Amino acid sequence: MATPTRRGLLLILSSPSGAGKSTLARRLREWDPAIRFSVSATTRPPRPGEVDGREYFFRSAGAFRAMVAAGEMLEHAEVFGHLYGTPRAPVASAMAAGQDTLFDIDWQGGQQIRNSDLGKDVVSVFVLPPSIAELERRLQGRAQDSAAVIAGRMARARDEISHWAEYDYVLVNRDIAEATAELVAILTAERLKRDRRPWLMGHVRSLNAEFEERRP
C-alpha cells in the first residue's frame, strides 16, 4: 500500500432535517467515490429498504450504551427519542490511510467531534434551507414520516439553525447543483491547505537543492 501523502480529513455536514445534507453527501461521493461515508450506529428501527451496516448499524439501546461506556464512540447524541453515534475505530483507520471521511450528523455530534482529539482534522459545513416554507415542503415531499413526525422536525429546526455560526462554512441550499458545486469547492480547497500536505516541505528542500547545484 502506498504511503499516504496527507492525513485524511473529517468533513462534517449538518442541517435541520429536510435542508438537503443527505442529498449533498450522496452527490459529493458521486464526485469522488474514494470519500468514505461514516456509517452511524442508531437505536431507531430500520426504515423500509435500509440495510444494517449500509445506512446505519442498527443496535439495541443496551448494546449502544455499552459501546459508549467502552469509549468506542467518537460522538453520540439522542435525537427524536433514539440514540445515534459514530464508531471511532473506522474513522481513525481511514484518517491514517489518508482517506477523507464524510459525516452526515446533527450539530451535537459535530460539536463533539470538533472538541475531540481529532478536531484539528475537521472541516464543518452547515446547510441552510432557502426558507422555512421550503423546508416544510421538502419534508412533506419525502413521504417518509407522519404529520406528527414532520411537526416535530419543524419544531426542532429553529434550534438546529441557531448553531449555524459554529461551522467553518455555511451553504444555502436553494439549488442542489449549485450547492453541490460549492461543497466540492470547499473540499478541494481544504485538501490543498499547506498544513494538510506535509510532503511540500520535502519538495521545497529539493528545489533549494537544485538552486545550490546551479551555483557557480
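The values are calculated or read from the model by the stated rules, or taken from the named source; none is laboratory data. Just so you know, these numbers come straight off a predicted model, no measurement behind them. Methodologically, a virtual Cβ is constructed for each residue, glycine included, from the backbone with ideal geometry; neighbour enumeration extends over all protein chains shown.
Given the condition of a type in the set (Ser, Thr, Tyr), surrounded by 15 or more Cβ atoms within 10 Å (Cβ to Cβ) and not in a loop (DSSP other than H, G, I, E, B), answer yes or no: does some residue in region 186-194 qualify?
no
Answer yes or no as to whether ARG153 is of a type in the set (Lys, Arg), within 25 Å of ARG7 (Cβ to Cβ) and buried (at least 17 other Cβ atoms within 10 Å of the Cβ).
Against the criterion (of a type in the set (Lys, Arg), within 25 Å of ARG7 (Cβ to Cβ) and buried (at least 17 other Cβ atoms within 10 Å of the Cβ)), ARG153 does not qualify.
For region 141-170, what are the residues that are in a helix (DSSP H, G or I) and touching a Phe, Trp or Tyr at 6+ places or on another chain (Cβ under 9 Å)?
Within region 141-170, VAL149, GLY152, ARG153, ARG156, ASP159, GLU160, ILE161, TRP164, ALA165, GLU166 meet the criteria.
Within the group SER206, SER146, which residue is at pLDDT below 90, surrounded by fewer than 16 Cβ atoms within 10 Å (Cβ to Cβ) and either over 20 Å from ARG27 (Cβ atoms) or in contact with a helix residue (DSSP H, G or I) (Cβ under 8 Å, 6 or more places away or on another chain) (or both)?
SER146
Output the number of residues of region 56-109 satisfying the condition of being closer than 13 Å to VAL39 by Cβ, hydrophobic (A, V, I, L, M, F, W, C) and assigned to a loop (DSSP other than H, G, I, E, B).
Number satisfying all stated conditions: 1.
Anything in region 111-132 that is outside any loop (DSSP other than H, G, I, E, B) and either among the aromatic types (Phe, Trp, Tyr) or within 14 Å of ARG158 (Cβ to Cβ) (or both)? List them, or say none.
Selection gives PHE126, LEU128, ILE132.
Please list, ordered by first then second residue, the pairs with beta carbon atoms under 6 Å, 6 or more apart or interchain, first in region 101-123 and under 14 Å from TYR169 (Cβ atoms), second in a loop (DSSP other than H, G, I, E, B) and modelled with pLDDT under 90.
The qualifying pairs do not exist here.
If you scan region 56-65, which residues turn out to be surrounded by 12 or more Cβ atoms within 10 Å (Cβ to Cβ) and more than 20 Å from ALA92 (Cα to Cα)?
Those that are surrounded by 12 or more Cβ atoms within 10 Å (Cβ to Cβ) and more than 20 Å from ALA92 (Cα to Cα): PHE58, ARG59, ALA63, ARG65.
Being more than 28 Å from VAL184 (Cβ to Cβ), assigned to a loop (DSSP other than H, G, I, E, B), touching a strand residue (DSSP E or B) at 6+ places or on another chain (Cβ under 8 Å) and without any contact (Cβ under 8 Å) to a residue 24 or more places away in the chain is the filter here; which residues of region 30-55 pass it?
If the condition is that a residue be more than 28 Å from VAL184 (Cβ to Cβ), assigned to a loop (DSSP other than H, G, I, E, B), touching a strand residue (DSSP E or B) at 6+ places or on another chain (Cβ under 8 Å) and without any contact (Cβ under 8 Å) to a residue 24 or more places away in the chain, then PRO45, PRO46 are the ones that fit.
Kindly indicate which of GLN140, GLN112 is out of contact with any helix residue (DSSP H, G or I) (no Cβ under 9 Å at 6 or more places or on another chain) and at pLDDT below 95.
GLN112
List every residue pair whose Cβ atoms sit under 8 Å apart, with the two residues 6 or more apart in sequence or on different chains, where the first one lies in region 7-28 and is in a helix (DSSP H, G or I) and the second, anywhere, is surrounded by fewer than 24 Cβ atoms within 10 Å (Cβ to Cβ) and β-branched (Val, Ile, Thr).
THR23/ILE176; LEU24/ILE176; LEU24/THR180; ARG27/ILE176; ARG27/THR180; LEU28/ILE35; LEU28/THR180; LEU28/VAL184
Any residue in region 171-186 that is under 10 Å from ARG27 (Cα atoms) sitting within a Cβ distance under 8 Å of a residue that is aromatic (Phe, Trp, Tyr) and at pLDDT 95 or above? List the pairs, counting only those 6 or more apart or interchain.
Listed pairs, sorted by first residue: THR180/TRP31; VAL184/TRP31.
So that you can scan it fast, the table gives a plain yes or no per residue for (1) touching a helix residue (DSSP H, G or I) at 6+ places or on another chain (Cβ under 6 Å); (2) surrounded by fewer than 21 Cβ atoms within 10 Å (Cβ to Cβ):
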| residue | (1), (2) |
| --- | --- |
| GLY8 | yes, no |
| SER17 | yes, no |
| GLY20 | no, no |
| ARG26 | no, yes |
| ALA34 | no, yes |
| THR43 | yes, yes |
| GLU50 | no, yes |
| GLY53 | no, yes |
